[in-house]
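One structure is given here, and the rest of the page talks about it.
Read the figures in this text as sums done on the coordinates, not as results from a lab. Given the structure is predicted, the values throughout are model-derived calculations rather than measurements. Note that we place each Cβ from the backbone using ideal geometry, even for glycine, and neighbour counts take in every protein chain shown.
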Amino acid sequence: MTVRQAQGEQDSSEFAIVVEGIRNAFGDHVIHEDLSLKVRKGEILGVVGGSGSGKSVLMRSIIGLQHPDQGSIEVLGRSMTDPAAPQDAVDVRSRWGVLFQGGALFSTLTVAENVEVPLREFYPEITDELRHEIGRYKVMLSGLPEEAAAKFPSELSGGMRKRAGLARALALDPELLFLDEPTAGLDPIGAAAFDALTLELQETLGLTVFLITHDLDTLHEICDRVAVIADKRVIAVGTIDELVALDHPWIQEYFNGPRGRAAASAQDRAKAMDIAAKGKA
Amino acid sequence: MQGCSRLAAKAIFAHVCEAMRDVASYSLEDDGKGGRLLRLSGVWLVSTLGSLDRELRTLEGPITRIDMSDMSDLDTVGAWIAWRLIRDHEAPVTGQSEEAHRLIEAVSGSKGTGDIRPPQPPLLQWVPDFVGRIVSNWGTGFVNMLDFLGELLFAIWQIIREPRRFRVKALVRQIELVGVTSLGIIALMSFLVGIVIAQQGAVQLRQFGAEIYTINLTGRLSMRELGVLMTSIMVAGRSGSAFAAQIGTMKLTEEVDAMRTIGVSPMEALVVPRVLAAMLMMPLLGFYSALVAIIGGAFLSTFALDIPFFTFLTRIQEVVPTHDMWVALIKGPVFGAIVALAGCYQGMQVKGNAEEVGLRTTAAVVQAIFMVIVLDAFFAIFFTEVGWG
C-alpha cells in the first residue's frame, strides 16, 4: 500500500473537492446561493458559465482566498471552512497548485526562482542544488525550453508566461491542479498545445484538474466532465453529451450556438480521422 | 464507545502513516557477481528526500545495478533523483514500477544544470558597466526631461490658442485632492511645529531675558520659511507620489496609449490639470500653514510664557513685515510646480512592470523634496539681497 493510497483511504471518499451549499455575496450582490459541486479524484472537470457568473469566485472560495458566508468546502478530505480546524486549510496548501489567469508570476524573480518559491516555503531542508534541479526540470515539464528558466516574466510571451505559471503550480507535485482560463488569450496553436500538455501531465502525474474555461475546444478535447454555473449555482454536471441532452436554454445556447457546433464538429472530424487511420492500419 | 474506538484506530493509522511518510532510504550491497547493487527503498517524495539527497550525491561508484523494487511510492522529485543516479553511474535499473518508469521518462528530458538567473559579468566588467549605465541614464533622463517639458509647453500653448480644450472638471478635481483634502493634516502638522518653535525659541531667548522675541521668531519663521517649505514636503509626499503612481499605473495598463490613439493628449488631460492645481494650491496652503503655526505658537505662549493669546496675535502684525508674506506667496507656485512636475514626469517614464511604479514614485518624492530645499536656499539669499531681509 502506498502512502498516497493510504492518504486516499484517510480521505475515505472518491471526491477530491466537495462543495456543499455555499453562499457568496458582495454586499447586496449575491454571486452564489446554495451552490454544491463534487469533483472526482483523477478527473479533469471543466467549469463553464457566463461572464460574471462566479466561476473565479468559486475557485477562490475552494482555495481559501474568499470565505463563503454559508456552507462547507472540503478539499482532499480536509475542511476549508471549519473554524475549529484552521490548520487543515493550511496543510492542504502543499497538496494543490494554482495557475491564475494572468500567470501571476512574481515579476522580480526569474522563472526558475518562481518555481522554487513554494519549495523553499514548504521544504526548507532541500539543498539549493536539488532545488535548482527541480526548478529546471519543472520548467522542462511545462513545455518551456530550459533556457527560459533564467528569464524574467517580462521577457516572456503570454503563452510562455502561462506555462511558467503552470511550472510553479506543479512545483510541489500536487494532487490537485486549479487552472483559471489557461487558454484565454493564446493563439489556437498555442491553446491546443496547452490542452495537450494539461492532458499529458494529468495522465503522467495522476492529477485531478479543476479547469475554468470559456474555450469550447478545451471542453471537447480534454474534459472528462463539465459543470455549468448559472442562476447562482451549479445547474448541471456531466459529459458534454449528457449536458446537450438537457433542456436548459443557457446550456442549449452554449453548446448548440454557432461556436459550440463548430467545436463539436471539429471533435467529430478528429474522431472520424482517428477511426479511418486505424481502419487503414 | 464505538466512536471512541474508531478515533483510536484513526490515531494509530495516522501514526503509521506518519512513520511511513518519514522513510526514504537506500542501501549498498554486493550483488554476488563482484559488482555493487544500490537498492532504493521506501517512499520517495518531495517531503521525504530533503536530507537524503546530500548523501546520494556523494555516493562512491562504481555501481553496477540500481534496484527499485522496494520503492513503494514516488513523485517527480523522487523520479528525478533516481534518474540522476542512473545517469551519473550509468547503471541499469531493475524492479521499477510502471509509474516509476513513466515519471523517470518524463523528467529525463532535463539536463538539470545551468543558470537560474541571467549570468552576472565579472566585477572588473560589471563596475564600469554599472557606472556607464548611470551616466547614460542621466543623459537620457535629461533628454526625456526636456522632451517632457517641451511637450508640456506645447500643450499649454494649444490650450491658450483653443481655451475650450482646457479641462475645468479635471482641474477642480485635482484642486480638491491636492488642496481641500490636505487641510486637516497640514493644520495638525503646522500647529505642532508652531508649538515646537515657540517653546524651543523661548528656552533659548530666556537666557537673554528676551522672551518676548519668541513672537518675532515664530511669526517670521513660519510666514517666510516653514509654512511653505513644510507644505511642499507634505504635498510632495501626498500628491506628488499619487501623481507618479496614478500616471505610472495608467501607463502600465496602456490607458495613456489608448488616450493618444483616441486623440486626447495625455499632457492636456493628465499633466496640465495636476501641475496647475498644485501651482494654485501651494501658495494658499503655505499661507494657511503659516497662520496655523502662528496660532500654535500663540497657544503655547498663552500657557507657558504668560503672553496672552490676543497680545501675541497683535504683536505679530507689528513684527512680521508684509514682504514676508510676499516671499511665501512667490515661492509657493514655484514649489508647487516642482512637486507636480516631478510626480507627472516620473509617472510618464514608467514602463515594464509593477516594480517600476514603486521606484518611480520614490524618485518623484525624493527629487521633489530635494529640488524644493535647494531652491529654497537660493530664494533665501535672493530675497535678502533684494532688501526683503
Point to revise | Within a Gaussian network of chain B (alpha carbon springs, distance under 10 Å), most fluctuating of B:128, B:92, B:321 | key: B:92
**Study point:** Magnitude of the charge dipole, chain B, Cβ model with Lys/Arg +1 and Asp/Glu -1, debye to 20
**Key:** 1280 debye
Exercise for review: Counting residues in the range B:228-383 as N, plug N into 2.2 N^0.38 Å and put the Cα Rg over that result.
Suggested key: 1.30
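First check a/c for chain A, with a ≥ b ≥ c the square roots of the eigenvalues of its C-alpha gyration tensor; if it is under 1.5, answer rounded, and if not, answer prolate when a/b is larger than b/c or oblate otherwise.
oblate
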Check your understanding: For the range A:180-281, rounded, prolate or oblate, judged on the Cα gyration tensor with a ≥ b ≥ c (square roots of eigenvalues), a/c < 1.5 rounded, else prolate if a/b > b/c?
Key -> oblate
Point to revise | the range A:207-213 - phi-based ³J(HN,Hα) in whole Hz, Karplus 6.51/-1.76/1.60, Gly and Pro as x | key: 8, 9, 10, 9, 10, 8, 7
Revision key, fill the gap. Residues of the range B:172-200 with backbone N under 15 Å of the label point set 7 Å from the Cα of residue B:304 along Cα→Cβ are B:191-200
Review point. Can you give the mean number of other chain Cβ atoms that lie within 10 Å of the Cβ atoms in peptide B:106-113?
Key: 6
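May I ask you to order A:258-266, B:197-205 by the average number of other C-beta atoms within 10 Å around their residues, highest value first?
Working: A:258-266: 14.2, B:197-205: 18.6.
Listed from highest to lowest mean packing, they are B:197-205, A:258-266.
With a ≥ b ≥ c taken as the square roots of the eigenvalues of the C-alpha gyration tensor of the range B:276-341, please select rounded if a/c is under 1.5 and otherwise prolate if a/b is larger than b/c or oblate if it is not? Please list the in-between numbers first.
Working: a/c = 4.25, a/b = 2.34, b/c = 1.82.
Here the range B:276-341 falls in the prolate category.
Over all directions, what mean area does the Cα convex hull of the range A:85-129 project, stated in square nanometres? Mind showing how you got there, number by number?
On the way: hull surface 17.2 nm².
Convex hull of Cα atoms, orientation-averaged projection: 4.3 nm².
Give me the extension gain from residue A:91 to residue A:36: residue separation times 0.36 nm, minus the current Cα-Cα distance, reported in nm with one decimal. List each step's numbers first, then the result.
On the way: separation 55, 0.36 × 55 = 19.80 nm, distance 2.33 nm.
Length gained, residue A:91 through residue A:36: 17.5 nm.
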Exercise for review: Would you look at the GNM of chain A, springs on alpha carbons closer than 10 Å, and say which of A:82, A:187, A:247 moves the most?
Suggested key: A:247
Point to revise | chain B: relative contact order in percent, alpha carbon pairs under 8 Å with at least 6 residues between | key: 15 percent
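Roughly speaking, what % of Cα-Cα pairs in the protein assembly as shown are separated by over 40 Å, rounded to a whole number?
Values: 120644 of 224115 pairs.
Every Cα pair in the protein assembly as shown considered, those over 40 Å come to 54 percent.
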Review point. Once Lys and Arg get +1 and Asp and Glu get -1 on their Cβ, which of A:72, A:18, A:105 lies farthest toward the positive end of the dipole of chain A?
Key: A:105
Exercise for review: On each of the three principal axes of the Cα atoms of chain B, give max minus min coordinate, whole Å, ordered largest first.
Suggested key: 110, 61, 55
Check your understanding: Say the dipole of the range B:143-385 comes from +1 at the beta carbon of Lys and Arg and -1 at that of Asp and Glu; which of B:250, B:283, B:184 then lies farthest toward its positive end?
Key -> B:250
Review point. Fewest to most neighbouring Cβ within 10 Å: what's the order for B:66, B:294?
Key: B:66, B:294
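Taking other Cβ within 10 Å of each residue's Cβ, how do A:138, A:232, B:351, B:169 sort, fewest first?
Values: A:138 31, A:232 17, B:351 11, B:169 8.
Starting with the residue having the fewest Cβ neighbours, the order is B:169, B:351, A:232, A:138.
For the range A:1-144, what mean projected area does the convex hull of the alpha carbons give, in nm²?
Working: hull surface 45.3 nm².
One quarter of the hull surface, i.e. the mean projection, equals 11.3 nm².
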Exercise for review: Report, ordered by chain and residue number, the aspartates and glutamates lying within cross-link reach of residue A:151, taken as a straight Cα distance under 12 Å and ignoring same-chain residues fewer than 8 apart.
Suggested key: A:113, B:115
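Given a Förster radius of 25 Å and the C-beta distance between residue A:108 and residue A:199 as r, what FRET efficiency does 1/(1 + (r/R0)^6) yield to the nearest 0.05? Show your work: numbers first, answer last.
Numbers: r = 33 Å, r/R0 = 1.31.
The value I calculate is 0.15.
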Exercise for review: Using a 10 angstrom cutoff on alpha carbons, build the Gaussian network for chain A and name the most mobile of A:123, A:137, A:254.
Suggested key: A:123
Revision key, fill the gap. Burial-style ranking of A:194-201, B:106-113, average other-beta-carbon count within 10 Å with highest first, yields A:194-201, B:106-113
**Study point:** Shielding by partners - mean other protein chain Cβ count within 10 Å, residues of A:117-130
**Key:** 4
Practice item. Extending each Cα 7 Å along its Cβ direction at residue A:189 and residue A:101, get the distance between those two points in nm, one decimal. Key: 2.7 nm
Practice item. Please give the helix B:183-206 orientation as an angle from the longest Cα principal axis of chain B, in degrees from 0 to 90, rounded to the nearest 10. Key: 70 degrees
Practice item. Order by neighbour count: A:105, B:124, B:285, fewest other Cβ atoms within 10 Å first, most last. Key: B:124, A:105, B:285
**Study point:** chain B: angle of helix B:168-178 to the longest principal axis, Cα-based, in degrees nearest 10
**Key:** 80 degrees
Review point. When DSSP assigns beta bridges and you keep just the ones with both residues in the protein assembly as shown, what percent turn out antiparallel, to the nearest 5?
Key: 50 percent
Revision key, fill the gap. Between residue A:67 and residue B:258, the two model label points (7 Å from Cα along the beta-carbon direction) sit apart by a distance in nm of 3.5 nm
Check your understanding: Which of the listed residues, A:189, B:200, B:327, is farthest toward the dipole's positive end in the protein assembly as shown, when Lys, Arg count +1 and Asp, Glu count -1 at the beta-carbon?
Key -> B:327
Review point. Which whole number of Å³ per residue matches the convex hull of the alpha-carbon atoms in the range A:143-238?
Key: 120 Å³
